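Participant: Sharing a structure here in structure tokens format.
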Amino acid sequence: MFQPKFLREKLTVRPGSVFIFFGCYGMNTGELASIILSKGASAFIAWNGGVTVNYVDRVLPQIVYSYLEGGLDKLANTINDITPDPLSGATLEITLKN
């Protein structure tokens, strides 16, 4: 179970990092993204619902390669182009630090 207090108190995030949360429901409330970004990450990426393991395995390399090739701009475009999980309908979302 997600425990915001624990993350606020114990989690350290390298400033400017891109935090990829590939478990289910990482974007449901936005609270996890808010905590991670407040800790210094430049971006938080997660699914807005349940997602299947096979789909995660297929999509993760695209995410990593796009960031390595073109930084946050290309990463955001890639995430917008990724279709929802065909079995669950969950979509991948990105939240950038303002």
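The values are calculated or read from the model by the stated rules, or taken from the named source; none is laboratory data. Here the structure is a predicted model, which means the values were calculated and not measured. A quick note on method: Cβ atoms are made from the backbone with ideal geometry, for glycine too, and the neighbour counts reach across all protein chains shown.
Participant: Working only within the stretch 39-69, note down all residues that are free of Cβ contacts under 8 Å to residues at least 24 places away in the same chain and of a type in the set (S, T, N, Q).
Facilitator: Result: N54, Q62, S66.
Here is a yes/no grid of residues against (1) polar (S, T, N, Q); (2) at pLDDT below 95; (3) within 14 Å of I82 (Cα to Cα); (4) exposed (fewer than 13 other Cβ atoms within 10 Å of the Cβ):
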{"position": "P4", "(1), (2), (3), (4)": "no, yes, no, yes"}
{"position": "N28", "(1), (2), (3), (4)": "yes, yes, no, no"}
{"position": "V51", "(1), (2), (3), (4)": "no, no, yes, no"}
{"position": "Y55", "(1), (2), (3), (4)": "no, no, yes, no"}
{"position": "V59", "(1), (2), (3), (4)": "no, no, yes, no"}
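Participant: Just to be sure, is T83 among the hydroxyl-bearing types (S, T, Y), without any contact (Cβ under 8 Å) to a residue 60 or more places away in the chain and surrounded by fewer than 17 Cβ atoms within 10 Å (Cβ to Cβ)?
Facilitator: yes
Participant: Something else about it: Return a yes/no flag: does the stretch 68-78 have any residue that is assigned to a strand (DSSP E or B) and modelled with pLDDT under 95.
Facilitator: Scanning the stretch 68-78 turns up no residue that is assigned to a strand (DSSP E or B) and modelled with pLDDT under 95.
Participant: Has the stretch 80-89 got any residue that is assigned to a helix (DSSP H, G or I) and more than 25 Å from T12 (Cβ to Cβ)?
Facilitator: yes
Participant: Let me ask another. What is the one condition in (1) over 13 Å from L92 (Cβ atoms); (2) aliphatic (A, V, I, L, M); (3) surrounded by 14 or more Cβ atoms within 10 Å (Cβ to Cβ) that L11 does not satisfy?
Facilitator: (3)
Participant: Please find, within the stretch 22-52, the residue that is nearest to N98 (Cα to Cα) out of those that are in contact with a helix residue (DSSP H, G or I) (Cβ under 7 Å, 6 or more places away or on another chain) and either assigned to a loop (DSSP other than H, G, I, E, B) or of a type outside the set (A, V, I, L, M) (or both).
Facilitator: Here the residue is S42.
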